[in-house]
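So the structure is just underneath, and the comments pick up after that.
The values are calculated or read from the model by the stated rules, or taken from the named source; none is laboratory data. Owing to the predicted nature of the structure, the values given are computational and were not obtained by experimental measurement. FYI the Cβ positions are ideal-geometry reconstructions off the backbone, even for glycines, and counts take in every protein chain you see.
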Amino acid sequence: MRVEDFPEDIRPFIIPGHKGKLIYRCLDCNRKFGIETLLYTCPECGQILLIYDEDFEHLKQIPGKTWRRIFDYRRMLNKPALKGIYRYHEFIGPVLPLETILYLGEGHTPVIEANSFLQDKVGVRFFFKNDGQNPSASFKDRGMASAFSYINFLIQGKHVENVLAVCASTGDTSAAAALYASFLQPLVKSAVLLPHKKVTPQQLSQPLGSGAAVFEIPGVFDDCMKVVESLSERYNVALLNSKNAWRILGQESYSYEIAQEFEYDMDQKTVILPVGNAGNISAVISGFLKFYDAGIIDKLPRIIGVQSKHADPVYRYYLEPDAKKRKFVPVRVKSSVAQAAMIGNPVSMPRVIHLVDLYNKISEKENLFFVEVSEQSIMDWELIANRNGHIACTQGGESLAGLVEASKRGLIGKDDVAILDSTAHAIKFSGFADTYFNGSFPAEFNIIPDLELINTPVLIKPGDLQKFPAPGKPLEGDDFNIFVKRVSDNIAEYLDLRQETACKKKG
């Protein structure tokens, strides 16, 4: 749809005009820094940063109702820069000219309501937001679209050249970083660090396919993170983990899309998501706070973060009810099927602490909670979800297990609606389903397959037949007819089918 075809009162706002005044702000010493240089931590005290728009008050001059109409009409635009997460340009990256924005199809992933059987089983009305339907098959593309658009902005402005983008990853970050970097090559190259044998084959193939330099090192994600932090401190590289505040900006789009999907009515809504490096939950909190401050939503939804018992530092931190007595202690992670959340020392923990306090204060009540779930429940609920029409990954299973646990704890009312984050596509973690079906989980996972959830292929090869088709050696004539009949009869017997007599029409 062309701009001139929009209503006259909305037409001036369809193409973003707000330029914003973005700055980095330290969460500890509160110092401000310009965005002309890519910063990850405060140059003064070393704390991590958030990005703020010092001209945000200007956005509040537009009524919330008008903002809703702007975003709803932008859906009809055929302009690539505004098709994805930058539909909300004014709230994500207003300093970025539209010609610097990268769009590879990210954002606006479907929100699918669970079927009646699954909702009855869980006891709550809920939806999955399938972020596995992003280009690299995970939610990380939201942050990468923002981070690489900013890098592209710096390149076009001659602020940087010959960029090497690096990240540590449990799989999804590396896939997204390598994909977006490859789009900007040869101006940008990428290198990723993965924990050896801790990434699924599907995830490993992605950065390799995108041409990244892939390094595997002993240990877990936290060890990889320390290495890339060392690289970013001593060499001229662009760090693409969630320590990068531009990543957080892009991932705020998840909140904006949920608000728009539910027509900006967040009353009795609960958003549930897994917590790994804590960047995503920080972004979700920040996004809802911005929309609330601008009057686009008039209520903040409840937010519930979920962690596995095998990687639960954030959950443990909030077990202490007295905020003054809380002390963050990293944990040693154990093997987890929710690999993307298998992080014992999340780099965004300071953001979480700051934003949770702010979220609860503005909500005027405790409105953000953390629950813990078992590895068994993660796998079982993922399989149950996927048997009922979803494409949930193991982190999506973690979200659903979290919903069940939150319901048991009374954190969700019978009239509430939950929106669950399935952070990646089920195919990325299909190996865990195979392991479940084969009953071959190592003991450290603490997973015993439920016989009712096991599903394996059945070989139909009648033992009394002597001839079978093979590649390049098809059966013909009577041999083929006998093969087809015997195999179809065996399948019918297995499925307990009943043969019906064909009725011929008279006349």
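Quick notes
Residues are listed down the side, and each one gets a yes or a no for (1) surrounded by 19 or more Cβ atoms within 10 Å (Cβ to Cβ); (2) at positive phi; (3) of a type in the set (S, T, N, Q):
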position: Q206; (1), (2), (3): yes, no, yes
position: G211; (1), (2), (3): no, yes, no
position: E229; (1), (2), (3): no, no, no
position: R247; (1), (2), (3): yes, no, no
position: E257; (1), (2), (3): yes, no, no
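- So L358, is it in contact with a strand residue (DSSP E or B) (Cβ under 7 Å, 6 or more places away or on another chain), modelled with pLDDT of 95 or more and not polar (S, T, N, Q): no
- Within region 105-120, being of a type in the set (A, V, I, L, M), more than 16 Å from the chain's Cα centre (by Cα) and surrounded by fewer than 22 Cβ atoms within 10 Å (Cβ to Cβ) holds for one residue alone: L118.
- Some residue of region 411-430 being surrounded by fewer than 11 Cβ atoms within 10 Å (Cβ to Cβ), assigned by TED's automatic domain parsing to the domain that holds D265 and on the phi < 0 side of the Ramachandran plot: yes
- Screening I10, I14 for residues that are in contact (Cβ under 8 Å) with a residue 12 or more places away in the chain and crowded, with 19+ Cβ neighbours inside 10 Å leaves exactly one candidate, I14.
- Some residue of region 55-63 being outside the structural domain of Q156 (by TED's automatic domain parsing), of a type in the set (A, V, I, L, M, F, W, C) and part of a strand (DSSP E or B): no
- Condition broken by S182, with the remaining ones in (1) assigned to a strand (DSSP E or B); (2) in contact with a Ser or Thr (Cβ under 9 Å, 6 or more places away or on another chain); (3) surrounded by fewer than 22 Cβ atoms within 10 Å (Cβ to Cβ) satisfied: (1)
- In region 428-439, the residues that are more than 16 Å from I391 (Cβ to Cβ) reach residues that are loosely packed, with under 14 Cβ neighbours inside 10 Å with C-beta atoms within less than 8 angstrom, at least six apart or across chains, in these pairs: Y436/I454; F437/I454; F437/N455; F437/T456; N438/T456; G439/I454.
- When residues of region 126-179 are limited to those that are of a type in the set (F, W, Y) and within 16 Å of the chain's Cα centre (by Cα), the one surrounded by the fewest Cβ atoms within 10 Å (Cβ to Cβ): F127
- Residue ID - nearest to A177 (Cα to Cα), chosen from residues in region 119-144 that are outside any helix (DSSP H, G or I) and among the charged types (D, E, K, R): K129
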